[in-house]
Structure formats: structure tokens, C-alpha cells
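The structure appears right after this line, and notes come after that.
The values are calculated or read from the model by the stated rules, or taken from the named source; none is laboratory data. Everything numeric here is computed off the predicted structure, so don't read it as measured data. Ideal geometry is used to build each Cβ from the backbone, glycine not excepted, and the neighbour counts take in all protein chains shown.
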Amino acid sequence: MTKKYAFFRGCFVPVRLPHIEAVAQKVFSDMGISLVNLDDFTCCPEPVGVGINDKMTWLSIAARNLAVAEENGLDIITVCNGCTYTLRHASHALNSNKQLRDKVNGIISDTGHAYKGNAKVSHFLEVLMNDIGTRKMKSAVKYPLSKLTIATHTGCHILSPKEIMEFDNPFDPTTLDELVMILGATPADYDKKTLCCGWALMTYGSREGAYALLKDKLGNMKLAQADCLTVVCPQCFYQFDMGQWIASRKDIPQYNLPVLFYLQLLGLAMGYNLQEIGYDSHKVKNPEFENKIKMR
Amino acid sequence: MPISLEYKAKNELLQKFPKIETCLKCNTCALVCPVQYAGFSPTNTYVNNIFSTQEPEKNPNIWLCASCHKCEEICPYEVKPLEVIEALKDEAFEKGYAPEAIREEINQVLTTGYAFPIFQSLHFINRERERRGLKPLGERKVGEIKKIAGKTGLENKMAGWKKK
């Protein structure tokens, strides 16, 4: 039987990176998992801008989203570290504190929803590892990416705080490197691997700081001979792709490091072409990388 | 002690977060903090800058923190600077010092269900979605969000600021 997930797309992917949404639908469908769109989902809400400033509203809107999945009898799959952080924080807080849960259920009662705590939240990497499994992934890899050295950037909000996110070691994450190796590629061993992408710096007040950060991070990837980098969060994607493109007009070197969402790399290894993974939407393109893909 | 002696609300802050007292300014957090790139240095670290200004809730730098949790995970004395920064943001937000980018983002979530404006460019967004074989985007359940924000008081708070 095909396993079904409620597809929590969030805001960033469906609005600004629809090609990632399309790739996610295609890859999971080919892997035998069906992603169901639920019209009732809203913004998770975003943790840094909304979450910190009004915790009760943040928890309540998140609880409503979790309840929507529950009422459809589905667990949630996310394609964003921020959505995962918000939804997992909310379930953790509401499942461990009955008083808080009652309070939040009181707040959302007028919406016709009630949070019970039955929907599990998984980032798509967890679905790949736990539901599909490495053996099935390996057998799906028809065109190994053996010519590529790939710098992995797991991002912040899926790693920390580790007691709640329970994903990987925040200072030495290896899951994404293992998943890159399954595709036949070599993970780049680079300095500043766990440094943030700089999205919050860029958005909330220091563009120059964000450029300096990008220069350091991308420079280290380049030093480690990376052909491209891979991410698992749309904000990281945008920051490294669009951010790199904007920064390249400033006084920093041209790195020309293409940014690939992990699902795009998986798609390439399964035999999709660059057009099918939406590479034409990318800001940073590199002919050398494209050749290595064509020769795979 | 890293908190400015001149900070009026320092007792309240210390009562809430007594661990700040144990900060030795060892600067270990600065090794992993992304905000260090915004013009901070080993002798004037981001965390030190936040802790040592006279009215930290008015310090615009508090908004640069991405809540990546690295500082609290690496701190050898379990000071958890992030909890303090988040509490300061909370206080600043209450008092109306939050930057426009934050307020507008919250306004978007409450009025559209998306974290940023999409409706002016919806035509282009949906054209791109169609090209990718995806269904168009539309309105989200804003009525239900409005009910939630009404009950938590956030809606009133936002309306009050708009008047100002």
C-alpha cells in the first residue's frame, strides 16, 4: 500500500521555489510515497519573525496546522527546516504540558479544530531514511553522481535544539553526507560546515554581514574542491543561490557554485534531466557542473 | 558580570536568567555565532554587545540573531545567551521597538496566512507554478488565523501600532 503524507509545503517553496515542490512530488511518487496537499494549512508560522515575538499565537497557529493533519488521519512531511522547527516545537510543548495544551485548545476552539497530538512531523530527509530506507534509495540510483564532490549544508533549525529536533549532532552532522554518498557522490570535507546560511542576517538588518558570511562559507567549500552544494531548506537555498548571485556583484570572488536541493540531486541520480529538476530556475549556473551531470 | 550596571531592568533580567552571572566572556560562543560577521570581533562579540548595552531591548542588533541555538549548545557554562536574546526581543516587541521587517512579516501571516506578500504578484507566481505542472495558489484560511490572533491579543497589538 502506498504510504500517504500530508504535504506541509509552507510558504517559501510553493511561492518562490515551485520547482522544488514539483521535484518533491515527482521523487516521492516514484519512491511509492504519496504527498497530499491540504488546503487548510497556513504559514507554520515562521519561527524567527513570529515565533519569538508572540509565543502563544505561534503555538496556537501551529497547533491548528497539526490538528488539520490529524483530522485527515495523516502524518506531516515538510520541505523546510523552519516549518519542521515550528511544528516540532509546538508538538513537543503541547505534548509535555497538559495545561498549555488546554490553553491552546481554548484559543483555537473557535476555528473548529482541536489538537490531540496524533500527527507526527517528519522532515523529508527523515522520510527518506526511515520510510524508504537506504537500500531502496540505492536501488533507485540508476545514474550515480560519481564525478561530483558535493558540499553539504544541513542548516540550523533542523539540528537545534537537539533534544527537540532529534535529528543529528549540531556540531558534526553526517546524515546529509551519508545521503550524498548513497548517490555515488563524494561529500566535501570543508571548514565552517555548521555555519548558518545567513538568511536571518540578510532579512533582519545586516546585508553586509550576510555577504561576509557567504564569502567565508562558499570560499571554504571551493577550497574543498566542491562542484556544487546541497541544502534541505528553502531559505538556505535562496540565500546560497540568489544571495551568491547578488554578492557576486559586490567585491567578493565569483564562486559559481550551483545550489541543489537534496531532492534535485536524488532526482538526477534517478535519471531525471536538468530541465526536469528545474535547474533553469536557478540563479547560479556552472557549465562544468552541467557537463559532469550530462556525463554521469 | 557581563550585564551593564547601568541597565535599569538588570535585576529583573538576572532574576529570570541567573545564569548570565556566570558568563566569563570566554568568547566560545563567538566561534560559532553567524552574527559575528555583522561587524563584531573577538574583543567585542555579538553576545557581549547584547549583554552590555544600557537598554538592551532597544539595541537593534538583537534582531540579527537567527535563533540557531549554537551559542547555547557550545557554552561551557550553560549560560544560554539565546534565551536572553529571545526574552529581550519579546520585551522589545511588546514595547513597539521591533523593526518594520518583523512587524510586516507578522502582519502578512495574520492577514494572508503567508509569511510574505504574494497577492500582488500572484499572477506571475501561478504562471510559474503552471509551467511546473502545479495547481495555482489561492487564499488561505485567514478567518481562522484572525480568530486565533483575536484571542491571544496579537491582533489588537498590531492595530495599536498601526495607529501610532
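Just a few scattered comments:
- Residues located in the range B:101-125, provided they are in a helix (DSSP H, G or I) and in contact with a Cys (Cβ under 7 Å, 6 or more places away or on another chain): B:109
- Scan of the range B:34-47 for residues that are part of a loop (DSSP other than H, G, I, E, B) and facing another protein chain (nearest Cβ under 9 Å), ordered by number: B:38, B:39, B:40
- Residue match in the range B:1-10 (condition: over 16 Å from residue B:70 (Cα atoms) and part of a helix (DSSP H, G or I)): yes
- The one condition in (1) under 21 Å from the mean Cα position of the chain (by Cα); (2) free of Cβ contacts under 8 Å to residues at least 12 places away in the same chain; (3) exposed (fewer than 15 other Cβ atoms within 10 Å of the Cβ) that residue B:105 fails to fulfil: (3)
- Top-ranked residue of the range A:149-171 - restricted to ones that are in contact (Cβ under 8 Å) with a residue 60 or more places away in the chain and polar (S, T, N, Q), ranked as nearest to the other protein chains (Cβ to nearest Cβ): A:154
- Residue match in the range A:141-156 (condition: of a type in the set (D, E, K, R), under 19 Å from the mean Cα position of the chain (by Cα) and in the same structural domain as residue A:272 (by TED's automatic domain parsing)): no
- Identity of the residue in the range A:200-225, within 25 Å of residue A:268 (Cβ to Cβ) and buried (at least 24 other Cβ atoms within 10 Å of the Cβ), that ends up farthest from the other protein chains (Cβ to nearest Cβ): A:221
Table: residues versus (1) at pLDDT 95 or above; (2) in the same structural domain as residue A:24 (by TED's automatic domain parsing); (3) surrounded by fewer than 22 Cβ atoms within 10 Å (Cβ to Cβ); (4) under 19 Å from residue A:40 (Cβ atoms).
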position: A:90; (1), (2), (3), (4): yes, yes, no, yes
position: A:93; (1), (2), (3), (4): yes, yes, yes, no
position: A:96; (1), (2), (3), (4): yes, yes, yes, no
position: A:102; (1), (2), (3), (4): yes, yes, yes, no
position: A:109; (1), (2), (3), (4): yes, yes, yes, yes
position: A:112; (1), (2), (3), (4): yes, yes, yes, yes
position: A:115; (1), (2), (3), (4): yes, yes, no, yes
position: A:118; (1), (2), (3), (4): yes, yes, yes, yes
position: A:130; (1), (2), (3), (4): yes, no, yes, no
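- The listed residues are B:61, B:49, and the only one of them that is in contact with a Gly (Cβ under 9 Å, 6 or more places away or on another chain) and of a type in the set (S, T, N, Q) turns out to be B:61.
- Scoring residue A:10 on the criteria (1) buried (at least 21 other Cβ atoms within 10 Å of the Cβ); (2) within 11 Å of chain B (Cβ to nearest Cβ); (3) not in a loop (DSSP other than H, G, I, E, B) leaves a single failure, condition (3).
- Sole residue being among the charged types (D, E, K, R), facing chain B (nearest Cβ under 10 Å) and surrounded by fewer than 23 Cβ atoms within 10 Å (Cβ to Cβ), chosen from A:4, A:55: A:55
- Of all residues in the range A:46-75, those satisfying the criterion of being within 30 Å of residue A:136 (Cα to Cα), of a type outside the set (Asp, Glu) and part of a helix (DSSP H, G or I) are A:66, A:69.
- In the range A:31-45, the residues that are within 26 Å of residue A:141 (Cβ to Cβ) and among the polar types (S, T, N, Q) form Cβ pairs under 9 Å with partners that are at pLDDT 95 or above and not in a strand (DSSP E or B), at six or more places apart or across chains, as follows: A:34/A:28.
- Selected residue (only one of B:144, B:128, B:91 is more than 9 Å from every other protein chain (Cβ to nearest Cβ) and either assigned to a loop (DSSP other than H, G, I, E, B) or not basic (Lys, Arg) (or both)): B:91
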